[in-house]
1. Residue check, Asp220 against (1) in a helix (DSSP H, G or I); (2) open to solvent by 30 Å² or more (accessible area, probe 1.4 Å); (3) modelled with pLDDT under 95, all met but one. Which one?
2. For Arg199, work out the one condition from (1) part of a helix (DSSP H, G or I); (2) basic (Lys, Arg); (3) closer than 30 Å to Ile28 by Cβ; (4) under 21 Å from the mean Cα position of the chain (by Cα) it doesn't fulfil.
3. Would you mind stating whether Ser103 is within 22 Å of Glu49 (Cα to Cα) and touching a helix residue (DSSP H, G or I) at 6+ places or on another chain (Cβ under 8 Å)?
4. Among the residues in the stretch 204-213, are any on the phi < 0 side of the Ramachandran plot, in a helix (DSSP H, G or I) and open to solvent by less than 40 Å² (accessible area, probe 1.4 Å)?
5. Among the residues of the stretch 49-83, which ones are under 22 Å from Phe121 (Cα atoms), assigned to a strand (DSSP E or B) and either open to solvent by 20 Å² or more (accessible area, probe 1.4 Å) or of a type outside the set (Gly, Ala, Ser) (or both)?
6. Those residues that are touching an Asp or Glu at 6+ places or on another chain (Cβ under 9 Å) and either of a type in the set (Phe, Trp, Tyr) or surrounded by 12 or more Cβ atoms within 10 Å (Cβ to Cβ) (or both), I need them from the stretch 138-147; list them, please.
7. Give the residues of the stretch 235-264 that are exposed (fewer than 14 other Cβ atoms within 10 Å of the Cβ) and either acidic (Asp, Glu) or modelled with pLDDT of 95 or more (or both), sorted by residue number.
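The values are calculated or read from the model by the stated rules, or taken from the named source; none is laboratory data. Because the structure is predicted, anything quoted here is derived from the model rather than measured. Neighbour counts are summed over all protein chains in view; Cβ atoms, including those assigned to glycine, are modelled from backbone coordinates with ideal geometry. Note: areas computed on protein heavy atoms with side chains; ligands, DNA, RNA excluded. Shrake-Rupley method; radii C 1.70, N 1.55, O 1.52, S 1.80 Å.
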Amino acid sequence: MTPINNYDTYNSGMAKSYEDKLFFMEYIENDESIDSVVDYGCADGTMIERMSERLPKLNYFGYDIDPKMIGIVRSKEKVFMADTNWFRIVKMIEPEKSLLNCSSVIHEVYSYGNMSDCMFFWEKVKRTGFKYIAIRDFSVSKSIDRQISSDNYKNLFTNSTYEQAERIMQFEKIWGPISQNKNLIHYLMKYRYTDNWEREVRENYFPIYFENLLNTLLYDNLYDIVYLNHYILPFTKSKIEKDFNITLTDNTHVQILLKRKDDK
C-alpha cells in the first residue's frame, strides 16, 4: 500500500461533500431504536463529528486500520471511541440497535486487500447484525465499458497542462489507455488529488460494478433497500466541464441505505 503523503490534504478531501455522504441521517433520526453509529474507515473522525452535530443523542464509534488516523480521532476535543480493532468495537455496541456507515471504504478494501480480505469485509458488514447499513462510494455500471468519443479525447489533452499530461501517462501505465471510457472517467475522478498522487493513481476507484455491488448486498436476502441513488456529483461534473470541456454522462457514485429484513 502506498502511504499517505499528506494527511491534512487527504482528510480534507475526504471531508468534502459531507452532506452528500450523510444522506442516510434523515432516515434514522426518528428511529428511537437506534442508539449507536459505527463509522467503518473513520479516518480522522470528521464524519463522526458531522454526524454527532446532526444527531447528538447517539453514540459514535470509529474503526480504521491506520493507527495514525485513530490517534488523530482520539486527540480531538470531542472524544469518540475509536480503534483499529474491529472486534473490540463490536463488543461495545448492540448491532441490532446500530447503523454501520461505509463511506468511501469499499473501493479501498478492494484496492488494498486480497480476495480473502474482501470476503472478510463483507462478512463483517452483513453478518454482524447491524439494523442499518449505509454505503456511499464510487460506483459505475457495466455500460461504462466503451470507447470514448474523439471529441472527449481531444478535449482532455487540449485542456491539460504539461503536469497533467505527465500524470495521464503515469495513469495509463497502470490502468491502460485513456481512450477507454472507464479509464477516462477513472482518471477524471482523481486528477485533482495531486498532493497524494502516488497513492491515488494506484488506487482502484471502480473495483466492483454497480450491478455486482447490488448482487453482493442482496443475494443472501438479509437486507432490504430503503434508499438507492446512482448519480453524478454536481460539483465534480461542473468542475470537469470547466477544466476539460468534457460532460460526464455515466453515473459515478452510489448512495445505498439497507435495513435488516427482521426489523420492519
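1. (1)
2. So Arg199 meets the others, but not (3).
3. So Ser103 fits the description; yes.
4. Within the stretch 204-213 (the criterion being on the phi < 0 side of the Ramachandran plot, in a helix (DSSP H, G or I) and open to solvent by less than 40 Å² (accessible area, probe 1.4 Å)), the answer is yes, since at least one residue qualifies.
5. Within the stretch 49-83, Tyr60, Phe61, Tyr63, Met81, Asp83 meet the criteria.
6. Across the stretch 138-147, the qualifying residues are Val140, Ser141, Ser143, Ile144.
7. Within the stretch 235-264, Ser238, Glu241, Lys242, Thr247, Thr249, Asp262 meet the criteria.
Residue-wise test of (1) out of contact with any helix residue (DSSP H, G or I) (no Cβ under 7 Å at 6 or more places or on another chain); (2) modelled with pLDDT under 90; (3) under 24 Å from Ile225 (Cβ atoms).
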site	(1), (2), (3)
Met1	no, yes, no
Gly41	no, no, yes
Met47	no, no, yes
Lys76	yes, yes, no
